[in-house]
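Written out below as structure tokens is the structure these notes cover.
The values are calculated or read from the model by the stated rules, or taken from the named source; none is laboratory data. Because the structure is a prediction, the values reported are computed rather than measured. Counting neighbours? That spans all protein chains shown, and the Cβs are built from the backbone with ideal geometry, glycine included.
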Amino acid sequence: QKEVEQNSGPLSVPEGAIASLNCTYSDRGSQSFFWYRQYSGKSPELIMFIYSNGDKEDGRFTAQLNKASQYVSLLIRDSQPSDSATYLCAVESGGYQKVTFGTGTKLQVIP
Amino acid sequence: SAVISQKPSRDICQRGTSLTIQCQVDSQVTMMFWYRQQPGQSLTLIATANQGSEATYESGFVIDKFPISRPNLTFSTLTVSNMSPEDSSIYLCSVERAGANTGELFFGEGSRLTVL
């Protein structure tokens, strides 16, 4: 059973639209949640992290966390072609200092 | 942010040989992490390397196959031993952001290995 699940996509959205990326996790003890962006042929880059239930906004990005539902999402407003990448959800397993990554959702922003 | 340099960036290797990947960080860090990303897959943690102690390996990874060195606080190596085509992958070195919680990671550029 996968510990962190994401839809592999591709998720295609038109330029200027809102892209919504979703992730579920199995470890109820998880406390820290991360979104990484990975361009093709490049290494992952941390773009958002969230530790508390609710929303966290940073520019065009909003991370949403619902621990009761074991669900974390990333919203990208005003999507740009430069946002086209694979987005990896990562979850820290409570107390183990271990981060588990999902398989990623490929986002395509169509000009 | 940390600057992480990995060498080699890519290599083509023959079955049965071994290859050592080097990771250099521009600041002193306690833990360094080695990940593998197989084609079309996500990142899988191989081991955590602490300076001055044995590396801690994740389930499914063993020291004989992936020996790790950590001679100081800025450098680590990962060796992929007795390679087979199944070892073809991108290997990534990673460190945590200073003062941050677990999971806020910086990654090196990766080392793409192809085993024939």
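One line per residue, one yes/no per condition, for (1) within 24 Å of B:GLN41 (Cβ to Cβ); (2) touching a His at 6+ places or on another chain (Cβ under 9 Å); (3) of a type in the set (Val, Ile, Thr); (4) modelled with pLDDT of 95 or more:
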position	(1), (2), (3), (4)
A:PRO14	no, no, no, yes
A:ALA19	yes, no, no, yes
A:ARG28	no, no, no, no
A:VAL72	yes, no, yes, yes
A:ARG77	no, no, no, yes
A:ALA85	yes, no, no, yes
A:SER93	yes, no, no, no
Answer yes or no as to whether A:GLN6 is buried (at least 19 other Cβ atoms within 10 Å of the Cβ) and either away from chain B (no Cβ under 14 Å) or under 26 Å from B:GLN37 (Cβ atoms) (or both). yes
Failed item, numbered, when A:LEU88 is tested on (1) more than 14 Å from every other protein chain (Cβ to nearest Cβ); (2) surrounded by 21 or more Cβ atoms within 10 Å (Cβ to Cβ); (3) out of contact with any Ser or Thr (no Cβ under 6 Å at 6 or more places or on another chain): (1)
Exception for A:GLN6 within (1) without any contact (Cβ under 8 Å) to a residue 60 or more places away in the chain; (2) within 26 Å of A:SER93 (Cβ to Cβ) falls at (1)
Could you look through the stretch B:25-42, keep only residues that are over 11 Å from the mean Cα position of the chain (by Cα) and assigned to a strand (DSSP E or B), and pick out the one that is nearest to A:SER93 (Cα to Cα)? B:MET31
If a residue has to be facing chain A (nearest Cβ under 8 Å) and assigned to a strand (DSSP E or B) to count, how many in the stretch B:91-116 make the cut? 4
Residues that are touching a residue at least 12 places away in the same chain (Cβ under 8 Å) and hydroxyl-bearing (Ser, Thr, Tyr), drawn from the stretch B:96-111: B:SER111
Inside the stretch B:77-90, can you point out the residues that are in a strand (DSSP E or B), away from chain A (no Cβ under 14 Å) and farther than 23 Å from B:SER27 by Cα? B:VAL80
A:GLN38 more than 10 Å from the chain's Cα centre (by Cα), within 14 Å of another protein chain (Cβ to nearest Cβ) and at pLDDT below 95: no
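Yes/no per residue for (1) more than 11 Å from chain B (Cβ to nearest Cβ); (2) touching a Gly at 6+ places or on another chain (Cβ under 8 Å); (3) loosely packed, with under 15 Cβ neighbours inside 10 Å:
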{"residue": "A:SER43", "(1), (2), (3)": "no, yes, no"}
{"residue": "A:ILE50", "(1), (2), (3)": "no, no, no"}
{"residue": "A:PHE61", "(1), (2), (3)": "yes, no, no"}
{"residue": "A:SER69", "(1), (2), (3)": "yes, no, yes"}
{"residue": "A:VAL72", "(1), (2), (3)": "yes, no, no"}
{"residue": "A:ASP78", "(1), (2), (3)": "yes, yes, yes"}
For the stretch A:41-111, which strands (runs of 3 or more DSSP E) that fit wholly inside it have 1 or more residues that are free of Cβ contacts under 8 Å to residues at least 60 places away in the same chain? A:45-50, A:54-58, A:61-66, A:71-76, A:85-93, A:98-101
Out of B:GLN51, B:GLN37, sole residue that is free of Cβ contacts under 8 Å to residues at least 40 places away in the same chain and either among the aromatic types (Phe, Trp, Tyr) or touching a Ser or Thr at 6+ places or on another chain (Cβ under 9 Å) (or both): B:GLN51
